[in-house]
1. Rule-of-thumb check for region 29-101: C-alpha Rg over 2.2 N^0.38 Å?
2. Round to the nearest 10 and give me the degree value, 0 to 90, for the angle of helix 345-357's Cα axis relative to the longest principal axis of the chain.
3. At 222 nm, what value in deg cm²/dmol follows for the chain if DSSP H runs of at least 4 each add -39500 (n - 2.57) and the sum is divided by all its residues, to the nearest 500?
4. In degrees from 0 to 90, rounded to the nearest 10, what is the angle of the helix 452-488 Cα long axis to the longest principal axis of the chain?
5. Among the GluC sites (Glu not before Pro) within region 150-187, which fall in a DSSP loop and have no more than 16 other Cβ atoms within 10 Å of their own Cβ?
6. Please state, as a whole number in µm²/s, the translational diffusion coefficient that the Stokes-Einstein equation yields for region 87-183 at 4 °C and 1.567 mPa s, with Rh defined as the Kirkwood radius across alpha carbon pairs.
7. Calculate, for LYS415 and ASP628, the FRET efficiency according to 1/(1 + (r/R0)^6) with r their C-beta to C-beta distance and R0 45 Å; round to the nearest 0.05.
8. Of (1) 27.2; (2) 26.2; (3) 28.9, which is the value of Kirkwood radius over Cα pairs in Å derived from the coordinates here?
Amino acid sequence: MRLRKRIAIIVDYLETEYTQRALEGAQNFLKKHNAELVVFPIGTMNAVNFNYEYQNLAVASHINSNNVDGMIFLTCTQLNNVSTEYLRMYLKSFSPLPVVSVGCEFEDIPSITISCKRSMCQLVEHLILTHKKKNFALMTLEGESQEAQERENAFRQTLKKYKIEFDESKKIYGGFTYDTATSAIREYRERKGKFDFEAIVALNDEMAFACLDVLKMYDVKIPQEVTVTGFDDEIRAACITPSLTSINQNVEKQTEAAAKLLCKIINGENTSIKKAISSYPIFRQTCGCISPKDTTGVGIGVKGNKIEASVKNIMDFGLNKWYANRNNFIQIIQQYSTLQAEITLDTLRQRINSDLISYGITAAAICLFESPVLTERFDFFKFPDKTYIFSAFDKQNNFILSHNEEKIYFDPKSKILPDDFFSSMDGMYVCSLFNNSLIYGYIIYRPGDYDSSIYSMVCKMISSSIANAVTFSQAKNKLKKLEKDYNKICAVSVTDELTGLLNRRGFISISSRILETAMNSGQSGLVLFGDIDGLKKINDTHGHAAGDRAIKNEAALLKKTFRSSDAIARLGGDEFAILAAGLNQENFSKLKERLQVYCDEYNKNSGEPFTLSISIGSAPFGGQSGYDINSLLEYADSVLYKEKQKKYGFKFKGRK
């Protein structure tokens, strides 16, 4: 039984400034009222540009009365890809759990919204009256967004009030992101041949930053030639040069109000279910209100009041923060590289806690399903019946789950964790662990002082490491089974006598079974077909004994290059084949380079009169490529033929 209220908050991404400010507001209120806040990042709902983005949504299925007492949903971040009605129905699906929306207003759902009409009118009016602007461009987005529509309506109403006609050809769709806005403003310049406006009002800061950068690229003077304004008042707005005129939408106050409203609803108190939080404009250098020599990030309010920039914000945006993040990224890259080695789940379990602690994480539990769940796009994820605690620790309570201890199993459909597993869930993040279309489980962790983007990368690193470990463990177990099968069919001989590798019969038999398993689990990989370069010349010049030594030594180098879990065979003569589950073209290129190094070392030290090298063609399996070993070998052989042509610089006649 929970001793304190526990509130879930659904966000899109942890690393955005909007999310961090929203979390700060909710945490400020809940800490004062002895309640816990648990964060569920679900990514972008119904994202069309990301094939596997939907996997993040799985953790939202934990949000029920067994795990939390109520939920705050940052709905305004989801409207690029889903409709308001879709969101309403999604929120309704959590009933009877109390829910509060932040950003979008719904008639039948408690909602906290931002009142931006007045502040947008004040900003545009300021540009007209103070800076004498009449020729405006507007950067907005396509799609259904209450906030964007309200901001645009206020912009148009203010122009109309001052009898300024808006040219619809100057409405630019920037998509609310820096990249899309950059493309949009560049395309506008290319289409019109110039920037034919004296002020551009962007409906968020990211688009405003893009406008500033592109305008600078064309040597446009800001604000003398073009005034730029944004909306959001991100930390960067006060720190860049020139500092950005923007609108602060009081994000912290929105979520603080949402937490307060939700607690009242949970307590059964009578309260209004709607509240609008006021926003306010801050005038800075991009409209000309602050001297270009000023580097403090100061702004001016509507009443002429001075608005100081937060010293902490400026420090966070400074070089020290950049270098700290850079070093953290290097740490992740190095750690990720070590985790790409061939390790089993048991080996990963022995080290994962220390890896997480090294990132300042103070408590964590990795929960894995007994078997990965293969998924297609979903709105609600159905958890499997059994999940186990793969690893866990809590530094505050001196608790660590040893890798030698028995696995703790529980039903994730009824509880996010076994009862009282952590003394407190406050400040914990719950993230899906997935790779491609397979969901492996989820991680619950309490972050430390690293930047939020670091922790997002850590979760992706863990997902990838678990996927690799599962694949390797399965391959190792499969290999053990195949070894048993091998012993059973020794009578029909699956081994090449000269090299000790599989022969053609053994390779076809074992590869067919591996491919059947890969097809059932949706796994991909490569089938490789190679032959020794110039073996006929070695035989003709130095004799067949030398040719046999070349074959044996090339076989040894292949075994040294590829993994123990890969199936390697000599098909006959100078031909070799390899089946490598989980291998992609990028890693295959690295393996080819490694194999060439081994060949060069052999040629240097062997004392043989011949030079050893091999050409290899590849065929991917999985997806549309299929899983038939004979077809894959035939395709790899055709690729090998092209490799030979390329290598020798003339039409290779050795194979048709």
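Each value in this text was obtained by applying a stated rule to the coordinates, not by laboratory testing. None of these values were measured; they are calculated from a predicted model. With ideal geometry, Cβ positions are generated from the backbone for all residues, glycine too; neighbour counts draw on all protein chains shown.
1. Numbers: Rg = 13.3 Å, N = 73, 2.2 N^0.38 = 11.2 Å.
Computed over Cα atoms of region 29-101, the ratio equals 1.18.
2. For 345-357 against the chain, the angle is about 30 degrees.
3. Values: 17 runs with 265 residues, N = 656.
The per-residue figure over the chain is -13500 deg cm²/dmol.
4. It is inclined by approximately 20 degrees.
5. On the way: sites: GLU150, GLU152, GLU165, GLU168, GLU187; in loops: GLU165.
Sparse-neighbourhood loop GluC sites (Glu not before Pro): GLU165.
6. On the way: Rh = 15.6 Å.
The Stokes-Einstein estimate is 83 µm²/s.
7. Numbers: r = 44 Å, r/R0 = 0.99.
The formula returns an efficiency of 0.50 here.
8. (3)
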